[in-house]
Each structure stands twice: as C-alpha cells, then as structure tokens.
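Notes follow once the structure below has been shown.
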Amino acid sequence: MLPIDHLYRAAAAHPDRIAVKDGATTLTYRDVVRRTDALAAALQALDPAPQSRVGICAYNTVEHLLAWLATFAAGKTWVPLNPRNGNEELSRIAGVTEPSIIVADHDCLDRLDIGGATLVLGKPGEGAAAAGDMPSLGALIAANDGRRPARPEVSLDDLQAIKFTGGSSGVPKGCMQTYRVWNTCISSMLLAFQFDRDDRHLLAAPMTHGANTLIMPTFAVGGTQVFMGKSSPASILDAFEREAVTTLFIPPTVIYMMMEQPGITERKFPSLRHVIVGGAAIRPEQLKAAMPVFNNALETCYGQTEAPQIAICMRAADWIDEANHASTGRATALTRVAAMAPDGTVLKAGEQGEIVLKGDLVMKGYFQQPDKTAETIIDGWLHTGDVGVIDERGFVFIKDRIRDVIITGGFNVYPSDVEAVLGTHPAVSECVVFALPDAKWGEVVTAAVELKAGTADTDPADIIAFVRERLDGVKAPKALHVVDELPRSPVGKVLRREAKALFMDSAD
C-alpha cells in the first residue's frame, strides 16, 4: 500500500464525486486520477530513474496539487520548495537535494538556482508571455492523456519526501520521510479525526507544510479539497461560509488575527468540524475565546518534520474542558510518547522531562547528516527538544524548547508560562518571550509584543506590571519591546530566535 493508493481507491469507489473545487471549477475523482496519471507518466519519461527527486516551488493551486500527486504516482521523491522562503534558502535546498525535475509557478521561476534540473512550468502567470521551450504541466498532461505510469517498485523504507525543518532551532535539516512514515501519518489522521466523505478541506496554510498532511486523508474518505487563492484572515472566514468548509489546518497566529476581525463574535460557522491548530501552541485564553466562535471545533496535533504532524492529538471534545486548555492532547494510536530524563530513563506520570517519540511516524534520518541523525534518534526514540509533562490521563503538556529555557539568577523560567499571562493583557495581540544576557543575573526575561489596533499608547511598564501581578517577580519581563510586526516563519509561526536577535544590542 502506497500513499497514492488512497486516491486510486477513492476514485474507484466514487469516480463522479467532487474531489477538487477551485472557485467555479470542479474536478471529479475521475478527472483528478486521469490528470495525475498522465503527468506521472510524463515525469517518468523525463527521468526514468526510480526514486529521483522532484522539487515543487508553487503556491496553493490545482497545478501544485496535480504535480504533488503525480510525483507520488511516479515513484519519485518530493522536495517541497516553499515560495514564502527566501531565494537563498530555496537555492540551498535545491542544491543539497539535487532534484532532477523542478516544477515552478511562473511567479517562482526566478526564485532559485535550479542547477541541472529540468524545469517544468506549473501555474502560468496571468498575461505572461509563453515560457519558450519550457514544458508546462498543462502541456505534459495533454500530451500524455490516457497514459498510466508504471507502478513504482519501492519498499516502505524508501523515500517519499525530503522535507526541511523550518530552522527555528538551528540550521534547517532535510528530514527523510519514508513511505512507511507517510502511511502512518495518513492512518493516524484517519483514526484521530474520523474524517468522512462530507469533509471539505480548505487549503489555507501552505501545501508545503501542515496543510499537505490533510490532503490524502481527505481523499481517502472521498472528501473534497477546496482552494481559495491567496489567504487572509478575512478571506478564510468568508470561505467558511461560502464553501461550507469543515476542515483546515492553521497556525495559531491566524486564529488570533481572525478573532480581531470586526463582528467576529456575531458570525456563525456551523459546517466547521476540524479547525486544526498546529505549528505552535495556542494560548489558553485565546483558545477559550475562540472555541465558541469556531463552532467548538478547535483541535490540535503535535509533531515535527521529523515525525510529521500527528504524534499527539487533541480532539475538540477534550479541548472544551478548561483543564486541558494548556495540553496538546494524547499520543495517537501508532506512536509511543514519553517524557525522558537526561540519562535516558522514561519518567513516570507527572514528572518533567524531554518529550520523546517512537514508532513508524519517525523519519528515517536527516539527509546526508548521519551525525545529526545519531544525536536526534537514540535507541529508536526521537528526541524532540521539547520539555514537558505527561499526566496520569496521558495528556501531554509541552512547556518549551529545552534550549529556550531562561535561567535567571539560578531559577528556570519557561517562556510559554510568561507568554500565557502576557497574552491575556487586553492590549497585546501577539507576544514572544526570550532571554537576553545580563551581567548580574546571567540571563533576564525579555518580551516583544504586537499591540492591538487602537492601543498604541499603552505603556510597556504597565504591561510588565500586569504580568508581575500574576506571576512572581522572577518570571516577569525585565524589559518589554513594542514592535509593529514580530518576525515570523513562512507559515506564520513567531520566531523566537529572530525576535531575540533584534534586541541583542540592548543587552547589558
């Protein structure tokens, strides 16, 4: 069983169901399979070598989806190239992985050095001139219509994808995800969320990241992928209503921005069933406020690129309970989760340690970095670098990244504890807490915040006092910086290291 087989089985069971909706355009499962097969046959003709790599640099479009599916159907290894990354980063990923084929939207053609790869045009630019002799997806599909690719001869331990970490904890590394990893991710999604044929998945977050993990589970049950073009908080809310969306993956920062939209508490979204928040933890007070707005459908799952998306899952029914608001959920069916001491001892319930994962969801290793692989996977356990607690019910509470713990005057301070309180200040829209060096204390707690509209005159000292009243003096920020916009990753996650770097010159 290969991941692409979920699409083929669904098409065989209900070929005339709508598989893809993009505005007024719809594709049935029969349409999608026919185009996928034609393009997969073309990819095999361009490069007959099994397991050769295909890079895709594209936004969320139907062309991107077809290229993605065809890469899998052809037995190729997918290398996602998120166009929201910088040009240098895209070229570095392409240079390290050396794809033999790169599919790029017209808007992305000048974004990276393709090396010796064959370049294929994805989505054409509006009014753009023809791309010369460059083959396009549309032309390749038309030329190979009716053809089917050769069935890939692969093992479950061969590579389905090389996905790069976001770099928030150091230099990005290429995570080798096997067919076994992908099958486990798909099965875990289906078991955890209980998707069905009425699910309508809105592709709001980039397909290169969390959103892609929901595509194949949605196809597996006969659901529909809904495209929306460029997304914004307002357009996502409109899509909920217009497209009767049931499911999406979104980072918490977008939830915060949607909650600030005018009239949000009066709007109703009865179709929503799975608003899956991922990429970072949502603040408990924001979760409490957002739950009723989004049909009590907020859920979350925890994973890393090294163990994609769903090692831990929180369903909406459990997250409604305020006792669970700070938790990321419980281990999913096919992954073992534990808290581990530095000496490798698995800790008891309630004891704090590093969160470690074991099972078929864990990557094969880092691409061309065996030393980093050996540091991260020890005795089969993936060391996540996150510190947390697992309670007696099995609920996991992540505190922070181990390396982000602030040691000030001999006391350990977890940034997430401070952010949870800081985020409840009525003027604070988004915040991040980090350590800066200090001659007296070693490190001091420092914060950077974005303020809500109409609160620009808020005194930072008042915000610090607000936190000090609710936490002890050790945990309250010693300095607080107001910024117009916090640094974020291409998927909207606030970047602690980059925020810290902005204020290093102000340190003692």
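The values are calculated or read from the model by the stated rules, or taken from the named source; none is laboratory data. For clarity, every value in this text was computed on a predicted model and none was experimentally measured. Don't worry about glycine lacking a Cβ; one is built from the backbone with ideal geometry, like all the others, and counts go over all protein chains shown. Note: areas computed on protein heavy atoms with side chains; ligands, DNA, RNA excluded. Shrake-Rupley method; radii C 1.70, N 1.55, O 1.52, S 1.80 Å.
In segment 387-399, which residues are touching a helix residue (DSSP H, G or I) at 6+ places or on another chain (Cβ under 7 Å) and either in a strand (DSSP E or B) or surrounded by fewer than 16 Cβ atoms within 10 Å (Cβ to Cβ) (or both)?
Residues satisfying the conditions are Val387, Lys399.
Might you let me know whether segment 25-47 holds any residue that is assigned to a strand (DSSP E or B) and surrounded by 18 or more Cβ atoms within 10 Å (Cβ to Cβ)?
Looking through segment 25-47, at least one residue is assigned to a strand (DSSP E or B) and surrounded by 18 or more Cβ atoms within 10 Å (Cβ to Cβ).
Residues checked against (1) of a type in the set (A, V, I, L, M); (2) touching a residue at least 60 places away in the same chain (Cβ under 8 Å):
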{"position": "Ala38", "(1), (2)": "yes, yes"}
{"position": "Gly75", "(1), (2)": "no, yes"}
{"position": "Glu88", "(1), (2)": "no, no"}
{"position": "Pro99", "(1), (2)": "no, no"}
{"position": "Leu137", "(1), (2)": "yes, yes"}
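One line per residue, one yes/no per condition, for (1) over 21 Å from the mean Cα position of the chain (by Cα); (2) small (Gly, Ala, Ser); (3) open to solvent by 10 Å² or more (accessible area, probe 1.4 Å); (4) closer than 22 Å to Gln309 by Cα:
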site	(1), (2), (3), (4)
Thr332	no, no, yes, yes
Ala339	yes, yes, no, yes
Lys358	no, no, yes, yes
Lys364	no, no, yes, yes
Asp371	yes, no, yes, no
Arg401	no, no, yes, yes
Ile407	yes, no, yes, no
Val413	yes, no, no, no
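Report, by residue number, each residue of segment 104-124 that is part of a strand (DSSP E or B), open to solvent by 10 Å² or more (accessible area, probe 1.4 Å) and under 18 Å from Pro48 (Cα atoms).
Thr118, Leu119
Is there any pair linking a residue in segment 1-24 that is surrounded by fewer than 16 Cβ atoms within 10 Å (Cβ to Cβ) to one that is part of a strand (DSSP E or B), with Cβ under 9 Å and at least six apart or on different chains, and which?
His14/Thr28; Pro15/Thr28; Asp16/Thr28; Arg17/Thr28; Arg17/Thr224; Gly23/Phe227
How many residues are crowded, with 22+ Cβ neighbours inside 10 Å, more than 21 Å from the chain's Cα centre (by Cα) and more than 26 Å from Leu156 (Cβ to Cβ) when one looks only at segment 73-103?
Total meeting the criteria: 1.
Please find, among Ile310, Ile264, Ile355, the residue that is at pLDDT 95 or above and more than 30 Å from Thr178 (Cα to Cα).
Criteria check complete, one pass: Ile264.
Condition first: open to solvent by less than 40 Å² (accessible area, probe 1.4 Å) and either touching a Leu at 6+ places or on another chain (Cβ under 6 Å) or modelled with pLDDT of 95 or more (or both). Now tell me which residues in segment 125-134 satisfy that.
Correct list: Ala131 only.
Taking helices (runs of 4 or more DSSP H) that fall entirely within segment 407-508, which contain at least 1 residues that are in contact (Cβ under 8 Å) with a residue 40 or more places away in the chain and closer than 24 Å to Gly86 by Cα?
496-502
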